[in-house]
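Trainee: Okay, handing you the structure first.
The values are calculated or read from the model by the stated rules, or taken from the named source; none is laboratory data. Predicted, not measured: the structure shown is a model, and the values here were computed from it. Backbone-built Cβ (ideal geometry, glycine too); neighbour counts: all protein chains shown.
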Amino acid sequence: MERLQAADPSSVGGHRLVGRLGAGGMGVVYLARSPHGAWVALKVIREEYAGDPGFRARFRRETELASRLTSRWTVPVLTADADARAPWLATAYVPGLPLSEALALHGPWPPAQLRTLGAALAAALADVHRAGLVHRDVKPANVLLAADGPRLIDFGIARAVGATALTTDGSVIGSPGYLSPEQARGRTVGPPSDVFSLGCVLAHTATGRPPFGTGGAAAVLYRTVREDPDLTGLPEDLAPTLRACLAKQPDDRPTVPRLLSDFGEFAAESWLPAGLPALVADRAARVLDLPVPEPTALSEVPFTDAPPAPSRRWLLISSAAAGVGAVGGGTAWWRWARSGTPRAGKGPLPTRTIALLGDLSTAVVQAQARGARLAVDAHNASSDRTFDLALRTADDQGTAAGSATAAARLVAARDVYAVIGAGTNTAVPAAVPVCTAAGLCLLITRADTDALDVTNITSSLILRSTRTAGPGSVLRYLNRVVRPARTVVVYDLTDADGGEATVRIVTVYGDLLVGTVEVAQVAKGAGFTDVAHGLAAHPDTAVLFTGGLPARAAACAQALTDSGHRGFRGGDEHILGSPFLKAGGGWWISTGYCDPATDPKTRTFAAAYRTRYRTAPPPWAAEAYDAVGYAAHGLAAPGGDQRESLRAELLRKPWQGITRRYSYESQSQYLETGQDGGWFLYRVEDGGARFVARYDDIGKKKS
């Protein structure tokens, strides 16, 4: 347990907080005293999730179901508040030791204790399923070892039976290594999924290692879906049951009643292996003499039952931040576009300002600013417009701090109706919470980072296809044109996070439709010689590189060339740095930006850009042009003239731009990447990347 932090509240819902038990993606779990003096584990959900009305409804429904769950082997939900600013729930606090920690300290369990553990956890699942729930996250960390037996805890992602999994492209709810194949694929799950997870937990407890190995999440998920588990060392009498639990097909797994029969009764007298009872008792004793904590820094700011509305005080704070950031800032932080074309015989129109936020010293942001100005001029030249547009640019200096400061100034300017986030992965995420707090819509053109995966609970929209959906154009080219008999996915663990989604999409989700697929993991910092030599006997094998480091991709390209590989080689736009462009001749690349100077569908824009700026439009200029047009589309809709409602209006109706069709999935609120979803195919030649085709045109016969 950790001490309370200065930003933690002193109390929540009448519960006095004592310390932190843990923190995760959904929120923070505190040890607390209830108003009646009982110890509770109180989980406070992060406020960004609470901004989604659908989340509150699910949270309310699931806590109500969980509160009806009465089982010796689970921890009861005592009370909850789904309507608080930060929803919370309190469960009984059971002092003990997580199974994950016990395995790390004491290793595998003997067969007798393993069997009795299985009996208790199977009984817990029986009660969970009888209550109409599926746990969905059965893993060693969620099995608490108490003196009188184990408890299955943390129903944080439990869902009512039959509910559909909420996943974005390539995302998985659950813990890789313990979730079922159907859960790994993002499909609807039921009680058999929990049986699979229980089999993983018991196999890990028996052998001391996860049955599908370790490493990057994508590799573990691939083995879960496609390969047999490593069950070496299982006790002979339990091996058939656990193998059956780990069957790939849900219908082939034993039912929970069958498991109860196989495991037998819980043996309370000697259920823990030698050495663990003393450790569990010591852990339980630590809570008895805890002092009453000192009030934290936020003790005078109570949790309220309703989300806070924008206030005058917030606007003044934002304005003050703007003043501080402007001192010594060098050049002015805005520039105005020229005013609209006058309308004969009519009065002036209201003006809606759109801001563009990015590092104005860089060529790519300057190109976006130019594209945006062309869109503003095109809008203001329309005779049937109902408002004029103006463009303001704000410099984030390429840093997170600069982005947050500039965003605060834009928030304080009430004439700004939307912000185009033209910056990088470093800067743009810092603007998201600032804009969300004020309800200002942030339209993100080129940033592509996992830090933006929660945009569906913010005021932001990502206007591009992201690596979360994989290298779409390269996969389509492989499926429609190359059609390789064998593809090797080179998973570079030096950038494991950057390549994980692609590996999962190609293997688990099966978006590569032709031939066989193999994954070759390259250890962090290791070379690619072994992978290249492995391909020497099959030089026509297709290679798909996953990861986003240009130098690493260049090393892979050189190793393949040296080995005599002559098959297809592909990757995504993140590897297009100078080291790779020098070594990657002949590679095919999927991007989220078009080449407006070459793409036939952007000829009119390219001509206007050349006329205005005396140069060909570079990448991302057309995407910024579309961002302004898309914002204007939303502002023109009924209710779109209120900046807090602009995002909702944009999601309501698809819009066709010059680079792609803007249509968003209803749950994930990610750009739909099917027809005209904004993928483009390039080929590396002569030290540069040459535009080849849009996603929709790949594989089509030329007339």
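Trainee: Considering only region 403-431, state which residues are in contact with a Leu (Cβ under 7 Å, 6 or more places away or on another chain) and acidic (Asp, Glu).
Mentor: Once the filter is applied, which keeps residues that are in contact with a Leu (Cβ under 7 Å, 6 or more places away or on another chain) and acidic (Asp, Glu), region 403-431 yields nothing.
Trainee: Out of all the residues in region 571-607, which are among the polar types (S, T, N, Q) and under 30 Å from the mean Cα position of the chain (by Cα)?
Mentor: 578, 590, 591
Trainee: When residues of region 106-130 are filtered for being hydrophobic (A, V, I, L, M, F, W, C) and in contact with a strand residue (DSSP E or B) (Cβ under 9 Å, 6 or more places away or on another chain), how many remain?
Mentor: 6
Trainee: Restricting attention to region 213-226, which residues are free of Cβ contacts under 8 Å to residues at least 40 places away in the same chain and over 16 Å from residue 141 (Cβ atoms)?
Mentor: 213, 223 - these are the residues of region 213-226 that are free of Cβ contacts under 8 Å to residues at least 40 places away in the same chain and over 16 Å from residue 141 (Cβ atoms).
Trainee: Right, next: Hey, can you tell me all the residues within region 620-651 that are touching a Ser or Thr at 6+ places or on another chain (Cβ under 6 Å) and within 24 Å of residue 437 (Cβ to Cβ)?
Mentor: 627, 639, 647
Trainee: If you don't mind, another one. Filter region 617-672 for residues that are at pLDDT 90 or above, within 26 Å of the chain's Cα centre (by Cα) and among the hydroxyl-bearing types (Ser, Thr, Tyr) and give the result.
Mentor: Passing the criteria: 630, 659, 662, 663.
Trainee: Next question. Is it the case, given these coordinates, that residue 85 is charged (D, E, K, R) and surrounded by fewer than 22 Cβ atoms within 10 Å (Cβ to Cβ)?
Mentor: yes
Trainee: For residues that are in contact with a strand residue (DSSP E or B) (Cβ under 7 Å, 6 or more places away or on another chain) and not hydrophobic (A, V, I, L, M, F, W, C), tally how many sit in region 465-484. Walk me through it before giving the result.
Mentor: Restricting attention to region 465-484, the residues satisfying the condition of being in contact with a strand residue (DSSP E or B) (Cβ under 7 Å, 6 or more places away or on another chain) are 465, 467, 471-474, 477-478, 482, 484.
Narrowing the set further to residues that are not hydrophobic (A, V, I, L, M, F, W, C) leaves 465, 467, 471-473, 477, 484.
The qualifying residues number 7.
Trainee: What single numbered condition from (1) in a loop (DSSP other than H, G, I, E, B); (2) within 32 Å of the chain's Cα centre (by Cα); (3) surrounded by 15 or more Cβ atoms within 10 Å (Cβ to Cβ) fails to hold for residue 567?
Mentor: (2)
Trainee: OK, next. Any chance region 623-644 includes a residue that's part of a helix (DSSP H, G or I) and closer than 15 Å to residue 690 by Cβ?
Mentor: no
Trainee: Taking region 431-464 only, how many residues are assigned to a helix (DSSP H, G or I) and touching a strand residue (DSSP E or B) at 6+ places or on another chain (Cβ under 8 Å)? Please lay out each step first, then the result.
Mentor: Quick first cut of region 431-464, residues assigned to a helix (DSSP H, G or I) only: 431-438, 450-452, 455-457.
Still in the list and also touching a strand residue (DSSP E or B) at 6+ places or on another chain (Cβ under 8 Å): 431-432, 435-436, 452, 455.
Of the residues in that region, 6 qualify.
Trainee: A follow-up question, please. Tell me which of these residue 117 doesn't satisfy, since it passes every other one: (1) under 30 Å from residue 279 (Cβ atoms); (2) free of Cβ contacts under 8 Å to residues at least 24 places away in the same chain.
Mentor: (2)
Trainee: OK, next. Return yes or no: is residue 44 out of contact with any helix residue (DSSP H, G or I) (no Cβ under 7 Å at 6 or more places or on another chain), farther than 29 Å from residue 458 by Cβ and either modelled with pLDDT of 85 or more or assigned to a strand (DSSP E or B) (or both)? Walk me through how you get there before you give the answer.
Mentor: On the way: out of contact with any helix residue (DSSP H, G or I) (no Cβ under 7 Å at 6 or more places or on another chain): yes; farther than 29 Å from residue 458 by Cβ: no; either modelled with pLDDT of 85 or more or assigned to a strand (DSSP E or B) (or both): yes.
No, not satisfied.
Trainee: Just give me the residues in region 450-474 being among the hydrophobic types (A, V, I, L, M, F, W, C), touching a Phe, Trp or Tyr at 6+ places or on another chain (Cβ under 9 Å) and either closer than 19 Å to residue 673 by Cα or at pLDDT 90 or above (or both), in sequence order. Don't jump to the end; show me each part of the working.
Mentor: Initial filter on region 450-474 (among the hydrophobic types (A, V, I, L, M, F, W, C)): 451-452, 454, 457, 461-463, 469, 474.
With touching a Phe, Trp or Tyr at 6+ places or on another chain (Cβ under 9 Å) added as a condition, the list becomes 454, 457, 461-463, 469, 474.
Passing the criteria: 454, 461, 462, 463, 469, 474.
Trainee: Of the residues 393, 353, 426, which is in the same structural domain as residue 633 (by TED's automatic domain parsing), assigned to a loop (DSSP other than H, G, I, E, B) and among the hydroxyl-bearing types (Ser, Thr, Tyr)?
Mentor: 426
Trainee: Can you find a residue that is crowded, with 18+ Cβ neighbours inside 10 Å, part of a loop (DSSP other than H, G, I, E, B) and either assigned by TED's automatic domain parsing to the domain that holds residue 424 or without any contact (Cβ under 8 Å) to a residue 40 or more places away in the chain (or both) anywhere in region 532-549?
Mentor: Step one: of region 532-549, the residues crowded, with 18+ Cβ neighbours inside 10 Å are 532, 535, 541-549.
Checking which are part of a loop (DSSP other than H, G, I, E, B) leaves us with 535, 541, 547-549.
Checking the rest, the ones that are also either assigned by TED's automatic domain parsing to the domain that holds residue 424 or without any contact (Cβ under 8 Å) to a residue 40 or more places away in the chain (or both) come to none.
No, the conditions are met nowhere in region 532-549.
Here's the yes/no breakdown for (1) over 23 Å from residue 573 (Cα atoms); (2) crowded, with 23+ Cβ neighbours inside 10 Å:
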position	(1), (2)
414	yes, no
441	yes, yes
448	no, no
454	no, no
461	no, yes
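Trainee: Which of (1) more than 24 Å from residue 476 (Cα to Cα); (2) under 29 Å from the mean Cα position of the chain (by Cα); (3) touching a residue at least 24 places away in the same chain (Cβ under 8 Å) does residue 679 not meet, given it meets every other one?
Mentor: All conditions pass for residue 679, except number (1).
Trainee: For the list (1) without any contact (Cβ under 8 Å) to a residue 60 or more places away in the chain; (2) part of a loop (DSSP other than H, G, I, E, B), I need the number of the one condition that residue 617 fails.
Mentor: With respect to (1) without any contact (Cβ under 8 Å) to a residue 60 or more places away in the chain; (2) part of a loop (DSSP other than H, G, I, E, B), residue 617 is out only on (1).
Trainee: Return yes or no: is residue 23 surrounded by fewer than 18 Cβ atoms within 10 Å (Cβ to Cβ) and at pLDDT below 80? Spell out how you get there, then give the answer.
Mentor: Numbers: surrounded by fewer than 18 Cβ atoms within 10 Å (Cβ to Cβ): yes; at pLDDT below 80: yes.
Answer is yes for this residue.
Trainee: Within region 98-107, identify whether any single residue is surrounded by 19 or more Cβ atoms within 10 Å (Cβ to Cβ), assigned by TED's automatic domain parsing to the domain that holds residue 151, over 19 Å from residue 137 (Cβ atoms) and at pLDDT 90 or above, and answer yes or no.
Mentor: There is no residue in region 98-107 that is surrounded by 19 or more Cβ atoms within 10 Å (Cβ to Cβ), assigned by TED's automatic domain parsing to the domain that holds residue 151, over 19 Å from residue 137 (Cβ atoms) and at pLDDT 90 or above.
Trainee: So, one more: Would you say residue 510 is of a type outside the set (Val, Ile, Thr) and out of contact with any Ser or Thr (no Cβ under 6 Å at 6 or more places or on another chain)?
Mentor: Yes: the conditions hold for residue 510.
Trainee: On the given criteria, is residue 635 farther than 24 Å from residue 468 by Cβ and either in contact with a strand residue (DSSP E or B) (Cβ under 7 Å, 6 or more places away or on another chain) or of a type in the set (Asp, Glu) (or both)?
Mentor: So residue 635 fits the description; yes.
Trainee: Filter region 260-283 down to residues that are buried (at least 17 other Cβ atoms within 10 Å of the Cβ) and more than 35 Å from the chain's Cα centre (by Cα), then give me how many there are. Before the answer, list the steps.
Mentor: Restricting attention to region 260-283, the residues satisfying the condition of being buried (at least 17 other Cβ atoms within 10 Å of the Cβ) are 260, 262-263, 266, 271-273, 276, 279-280, 283.
Checking the rest, the ones that are also more than 35 Å from the chain's Cα centre (by Cα) come to 260, 262-263, 266, 271-273, 276, 279-280.
Here the count works out to 10.
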